[in-house]
Amino acid sequence: MKIAILSRSRRIYSTARLLEAAQSRGHEVRVVDTLRCSMNIASHRPSIHFGGEKLEQQDAVIPRIGASITFYGTAVLRQFEVTGTYPLNESVAISRSRDKLRSLQLLSRRGIGLPVTGFCHSPDDIDDLIKMVGGAPLVIKLLEGTQGIGVVLAETRKAAESVIEAFMGLKANIMVQEYIKEAGGADIRCFVVGGKVVAAMRRQAQPGEFRSNLHRGGSAEVIKITPEERSTAVRAAKIMGLNVAGVDLLRSNHGPLVMEVNSSPGLEGIEQASGKDIAGMIIQFLEKNVVSQKGSTRTRGKG
Ligand code: ADP
């Protein structure tokens, strides 16, 4: 197969591993810098140019699109879809997953367990918002944040009010969430490939910190998940329309709660914790699906 990996650099761990896994399985792979792609949209034969030349037709494309370039990255991916290339994850599903609020609304509609979450626009409604999620302590999240940046634990109602007011004053979009204390500063990353959880790890925050992100100094270890956690992760990925996803769960007293569904989950932490060849599993998924579904993505040519 001819496979393009859409990524800013081949030096990024996940990109390097996918490149290596695809090459070792005999595929013709190239890393295509998302921001160096240009697109010919107007003609009868839509095409993609890379580094000043027309990119030859690819069988599959693996999007590794960072949050900061979602707009351009999903446009490039859509162009691959229009030209009949099979995407590992579809552009529409990636756009959907990048909008935290929209994702939670989609998941709630299908009965997935979520932390109680509130959202409002006017500072006049802050009081009601705090009540809606059950009062302090509560978690305030910037909708545009990643890697734990912009996630704040407000221990008292007064602190919550001040932080929410400050964010609103800066015109930042935020959501407010009940604090799942019993999670004990840990979350579970379930790595889903093709409707199966292929590996899971527990990330534990540093002492004195409630955010378990590895970028915030959290540590990871492999964990055995319950059947309920497994089915929640698989369903969440399916609802989002993602073939490959990192589903983050919190263990609460009333079962697993989905915090986020990540459409470009990193491979480094999960491969190191589990010792599994996840990159190889992703390439295997493409091998199975590219031929059977060629040119039949649901979103071909659509927004
Ligand atoms: P990001 O997308 O920036 O990583 P998250 O929403 O995943 O932000 O939050 C970062 C971390 O904070 C999570 O991994 C988890 O450990 C902790 N956390 C987030 N929301 C809650 C919550 N409602 N209750 C308890 N801990 C939370």
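The values are calculated or read from the model by the stated rules, or taken from the named source; none is laboratory data. None of the values given here were measured: they were computed from a predicted structure. In this analysis, Cβ positions are derived from the backbone assuming ideal geometry, glycine residues included, and neighbour counts consider all displayed protein chains. For the accessible areas, the whole protein counts, side chains as well, though only heavy atoms, and no ligand, DNA or RNA atoms are used. Shrake-Rupley method; radii C 1.70, N 1.55, O 1.52, S 1.80 Å.
Observations on the structure shown:
- Restricted to the range 243-293, and to residues there that are surrounded by fewer than 17 Cβ atoms within 10 Å (Cβ to Cβ) and part of a strand (DSSP E or B), the residue that is farthest from the ligand (Cβ to nearest atom) is GLY255.
- Residues that are within 16 Å of the ligand (Cβ to nearest atom), surrounded by fewer than 16 Cβ atoms within 10 Å (Cβ to Cβ) and small (Gly, Ala, Ser) are absent from the range 194-204.
- Lone unmet requirement of (1) at positive phi; (2) modelled with pLDDT of 95 or more; (3) away from the ligand (no atom under 16 Å from the Cβ) for GLY301: (2)
- Checked against the criteria, VAL139 counts as outside any loop (DSSP other than H, G, I, E, B), within 16 Å of the ligand (Cβ to nearest atom), surrounded by 17 or more Cβ atoms within 10 Å (Cβ to Cβ) and not assigned by TED's automatic domain parsing to the domain that holds ASN243.
- Taking each residue of the range 143-156 that is under 14 Å from GLU260 (Cβ atoms) and looking for partners that are within 6 Å of the ligand (Cβ to nearest atom) and assigned to a strand (DSSP E or B) with beta-carbon atoms closer than 6 Å, six or more apart or interchain, yields VAL151/LYS141.
- The condition (being out of contact with any Lys or Arg (no Cβ under 8 Å at 6 or more places or on another chain), modelled with pLDDT of 95 or more and either charged (D, E, K, R) or open to solvent by less than 50 Å² (accessible area, probe 1.4 Å) (or both)) is satisfied by just one residue among VAL92, VAL76: VAL76.
- A residue that is open to solvent by less than 10 Å² (accessible area, probe 1.4 Å) and within 12 Å of the ligand (Cβ to nearest atom) occurs somewhere in the range 151-159.
- Every condition in (1) open to solvent by 40 Å² or more (accessible area, probe 1.4 Å); (2) touching a residue at least 24 places away in the same chain (Cβ under 8 Å) is met by PRO227 except one, and the failing one is (2).
- Conditions (1) in contact (Cβ under 8 Å) with a residue 24 or more places away in the chain; (2) surrounded by fewer than 17 Cβ atoms within 10 Å (Cβ to Cβ); (3) away from the ligand (no atom under 15 Å from the Cβ): number failed by GLY134: (3)
- Matching residues in the range 15-28 - criterion: being farther than 24 Å from THR83 by Cβ and of a type in the set (Ser, Thr, Tyr): SER24
- Of the residues examined, PRO123 is not one that is in contact with an Asp or Glu (Cβ under 7 Å, 6 or more places away or on another chain) and within 16 Å of the ligand (Cβ to nearest atom).
- Matching residues in the range 191-242 - criterion: being of a type in the set (Lys, Arg) and assigned to a strand (DSSP E or B): LYS196, ARG202, ARG203
- When we screen ASP128, ASP187 for residues that are free of Cβ contacts under 8 Å to residues at least 12 places away in the same chain and on the phi < 0 side of the Ramachandran plot, the only hit is ASP128.
- For PHE210, the test of being within 22 Å of ILE282 (Cβ to Cβ) and within 16 Å of the ligand (Cβ to nearest atom) is failed.
- Within the range 8-30, one or more residues are under 16 Å from the mean Cα position of the chain (by Cα) and buried (at least 17 other Cβ atoms within 10 Å of the Cβ).
- The set of residues in the range 142-166 that are closer than 19 Å to GLU182 by Cβ and not β-branched (Val, Ile, Thr) comprises LEU153, ALA154, GLU155.
- Listed by position, the helices (runs of 4 or more DSSP H) contained in the range 50-116 that have at least 2 residues being closer than 22 Å to ALA22 by Cα and either of a type in the set (D, E, K, R) or in contact with a Pro (Cβ under 6 Å, 6 or more places away or on another chain) (or both) are 70-82.
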